[in-house]
Amino acid sequence: MLAQRWAVLAAMHAPCALATVGRAVAVVALLLAASAEPVQAMEVVRSSRSLAAVPTQLSPAPGAPSTDLSAHRPAGGLVSSTRDTTLQRRAAPQTMLREAEVPPARLEQTRALLVELKARPTPEQAISIDLPADVLFDFDKSDLRADAAAPLNKAGELIKSYATAPLTVRGHTDAKGSDAYNDALSLRRAQAVARALHAQTGRQAAVQGLGKRQPVAANTTPDGRDDPVGRQLNRRVQILIGLPDKEGR
């Protein structure tokens, strides 16, 4: 009996329920028609293939902003950096010796002369030039040879670039002979070079004969034999272009 009563009630209210559903469908249809964008139907396709063995590829979405990664350097902090640096030896002095003293018009010439004469600075910042005695003098002599003019002229031109620098000329010998003989010979040779430079530049130079007391090479080999190459290097006349005093003299 109870079941029959529920069936009668459902039959009596069915028209009302259907009317309500119809009104709702009509409202939804009106809303969809008023929408600015068209409604697209979506279709779900199911695949029976297993995706376990398919590799995953990630790619940026079209129009997505790009992201750049860079190291963060804190303000005021110390950050270590590594740069590749290649150091190469130059044949010429990397900076010209005492460039501030050289007139601008003589800079290029002075650079070339410093290289050609193998000039070097002393601990006192003088400019030192060694002229081989074998080029300037005959054996055991102190008279300048005729072909000594070329190196002396170059030395004189370099001296002109340092117009207020004091000059010193030192004679040196090898270790052959006595100290008295070598000192006298080295002094005579220094005097001869100083006279030639004075004739060319008008500058007076202090003169010293140091004999064999300041060699630049060994006069003998380690086993005590004579070393003619070393002795030849020691036979020389040294020209020193000193630092001007505070008053430029």
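The values are calculated or read from the model by the stated rules, or taken from the named source; none is laboratory data. Just so you know, these numbers come straight off a predicted model, no measurement behind them. Ideal geometry is used to build each Cβ from the backbone, glycine not excepted, and the neighbour counts take in all protein chains shown. Just so you know, the surface numbers come from the protein's heavy atoms only, side chains and all, with ligands and any DNA or RNA stripped out. Shrake-Rupley method; radii C 1.70, N 1.55, O 1.52, S 1.80 Å.
Miscellaneous remarks
- Accessible area (Å², 1.4 Å probe, nearest 10) - residue 216: 80
- Modelled this way, with points 7 Å down the Cα-to-C-beta line, the labels at residue 163 and residue 178 are 4.8 nm from one another.
- In the context of the full protein assembly, residue 99 retains an accessible surface of approximately 80 Å², using a probe radius of 1.4 Å and ignoring ligands and nucleic acids.
- Derived scalar couplings ³J(HN,Hα) [segment 56-66; Karplus, 6.51 cos²θ - 1.76 cosθ + 1.60; whole Hz; x for Gly, Pro]: 9, 10, 9, 9, x, 5, x, x, 6, x, 7
- Placing R0 at 22 angstrom, the Cβ-Cβ distance between residue 188 and residue 216 gives a FRET efficiency of 0.60 after rounding to 0.05.
- For segment 147-249, alpha-carbon Rg relative to the globular expectation (2.2 N^0.38 Å, N residues): 1.21
- Among 168, 97, 205 the positive-end extreme of the charge dipole of segment 90-215 (Cβ point charges): 97
- Theoretical FRET efficiency, 1/(1+(r/R0)^6), r = Cβ-Cβ of residue 100 and residue 66, R0 41 Å, to 0.05: 0.15
- On full extension, the segment bounded by residue 135 and residue 206 gains 23.4 nm, given 0.36 nm per residue less the C-alpha separation.
- Antiparallel DSSP beta bridges within segment 154-249, as percent of all bridges there, nearest 5: 60
- Accessible surface for segment 121-249, divided over its residues, is 52 Å² per residue with a 1.4 Å probe.
- Counting only lysines at least 8 places from residue 141 when in the same chain, those with an alpha carbon closer than 29 Å to its own are 118, 154, 160, 176, 212.
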